[in-house]
Amino acid sequence: MTAGSLSCCIAGFHQSCRFSQSSGPRRSCVGTGPAFAATAQSSVAKYMVKRRGPPSQGWRTFLRNHAPDIAAMDLFVVPTIGFRLLYGFVIVRLHRRELVWINVTTNPTAEWIARQITEAFPWNGAPRHMIRDRDRIYGAVVTRRLRAMGIRDKPIAPTSPWQNGFAERLIGSIRRECLDHTIVSSEAHLRRILKSYADYYNGFRTHRSLNKDAPVSRPVQRSGVISSHALLGGLHHRYARV
């Protein structure tokens with residue numbers, strides 16, 4: 001079909017719509033000369049311009065709208081100077097990247113994780129969804145605790161850690177910015193280090209996704225002399241006006 005015949009086809013379709021109420025089934029009269037041929041609506045629709053773009057909101061918009069109600073949790077391993085393995089546990093809220101809970105244990109169990117979830121969220125502040133991986137440590141005790149708190153369990157697909165990207169990136173930041181520069185001696189030592197890092201992360205570490213703000217928002221200081229305060233033994237610094 002040429003461009004001229006396509007234009008006549010569409011024009012004939014619109015012309016037929018004006019007579020559809022009185023002429024029975026909707027058909028269009030299309031032709032390039034004195035002779036006209038009847039063409040079905042389906043034939044005309046095949047050559048009409050198709051709509052481009054997704055029919056609904058994209059994944060980024062969906063995640064932005066629901067981020068305040070989503071949290072993620074994960075475990076990570078930390079070796080000590082005596083080659084013992086300690087396990088860190090983190091829970092992060094997606095909306096402001098806030099690290100709401102961090103703790104350490106030598107023997108992670110489903111009962112221990114369920115207790116951490118209970119202590120991390122008050123009953124009126126629990127998220128609606130919890131993202132986690134498919135580690136066997138999250139047993140029936142954890143799923144029952146989530147259900148009792150009104151949280152929907154959202155395990156990711158097998159071998160797909162990128163689906164829990166917020167927690168994975170947080171653990172990467174903890175390693176790059178803290179643990180890779182520290183020799184851990186004991187469980188109490190690691191817990192003290194991670195608690196200090198959580199205070200730094202929530203109160204002072206900036207995020208580009210938050211317009212260079214910290215998870216716990218802070219006011220802009222416009223006057224005063226800038227001073228530096230060492231954090232985490234000098235690994236990081238806090239700059240403030242006094």
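The values are calculated or read from the model by the stated rules, or taken from the named source; none is laboratory data. Please read these numbers as outputs of a predicted model, since none were measured by experiment. When we count neighbours, we look across all protein chains shown, and the Cβ atoms used for this are built from the backbone with ideal geometry, even at glycine.
Of Pro122, Pro127, which residue is under 23 Å from Ala214 (Cα atoms) and either among the charged types (D, E, K, R) or exposed (fewer than 15 other Cβ atoms within 10 Å of the Cβ) (or both)?
On the way: Pro127 fails: either among the charged types (D, E, K, R) or exposed (fewer than 15 other Cβ atoms within 10 Å of the Cβ) (or both).
Sole residue among the options that is under 23 Å from Ala214 (Cα atoms) and either among the charged types (D, E, K, R) or exposed (fewer than 15 other Cβ atoms within 10 Å of the Cβ) (or both): Pro122.
Thr206 meets each of the listed conditions (1) modelled with pLDDT under 95; (2) closer than 27 Å to Val104 by Cα; (3) surrounded by fewer than 10 Cβ atoms within 10 Å (Cβ to Cβ); (4) among the β-branched types (Val, Ile, Thr) apart from (3). For segment 179-190, the count of residues that are modelled with pLDDT under 95, among the small types (Gly, Ala, Ser) and assigned by TED's automatic domain parsing to the domain that holds Trp101 is zero. The residue of segment 107-132 that is farthest from Leu75 (Cα to Cα), among those that are of a type in the set (S, T, N, Q) and modelled with pLDDT of 95 or more, is Thr118. A single entry from Arg134, Arg152, Arg128 fulfils the requirement of being touching a Pro at 6+ places or on another chain (Cβ under 8 Å), farther than 16 Å from Trp101 by Cβ and touching a residue at least 24 places away in the same chain (Cβ under 8 Å): Arg134. Residues to consider are Ile91, Ile113, Ile137; find the one that is part of a loop (DSSP other than H, G, I, E, B) and among the aliphatic types (A, V, I, L, M). It is Ile137.
In segment 156-166, the qualifying residues are those that are touching a helix residue (DSSP H, G or I) at 6+ places or on another chain (Cβ under 9 Å) and either touching a residue at least 24 places away in the same chain (Cβ under 8 Å) or not in a helix (DSSP H, G or I) (or both), and the one that is nearest to Leu63 (Cα to Cα) is Ile156.
Filter segment 60-93 for residues that are of a type in the set (Gly, Ala, Ser), surrounded by fewer than 19 Cβ atoms within 10 Å (Cβ to Cβ) and closer than 21 Å to Ser173 by Cβ and give the result. It would help to see each step written out before you state the result.
Step one: list which residues in segment 60-93 are of a type in the set (Gly, Ala, Ser), which gives 67, 71-72, 82, 88.
Those still in the list that are surrounded by fewer than 19 Cβ atoms within 10 Å (Cβ to Cβ) too: 67, 82.
Result: Ala67, single match.
Of Ile91, Ile81, Ile70, all but one fail to be touching a His at 6+ places or on another chain (Cβ under 6 Å), at pLDDT 75 or above and closer than 30 Å to Arg192 by Cα; the exception is Ile70.
Regarding Pro108, is this residue over 26 Å from His66 (Cα atoms), touching a strand residue (DSSP E or B) at 6+ places or on another chain (Cβ under 6 Å) and buried (at least 16 other Cβ atoms within 10 Å of the Cβ)? Step through it out loud before you land on a result.
Working: over 26 Å from His66 (Cα atoms): yes; touching a strand residue (DSSP E or B) at 6+ places or on another chain (Cβ under 6 Å): yes; buried (at least 16 other Cβ atoms within 10 Å of the Cβ): yes.
Considered against the rule, which asks whether it is over 26 Å from His66 (Cα atoms), touching a strand residue (DSSP E or B) at 6+ places or on another chain (Cβ under 6 Å) and buried (at least 16 other Cβ atoms within 10 Å of the Cβ), Pro108 comes out as yes.
Give the residues of segment 130-142 that are aliphatic (A, V, I, L, M), surrounded by fewer than 20 Cβ atoms within 10 Å (Cβ to Cβ) and touching a strand residue (DSSP E or B) at 6+ places or on another chain (Cβ under 8 Å), sorted by residue number. Correct list: Ile137 only.
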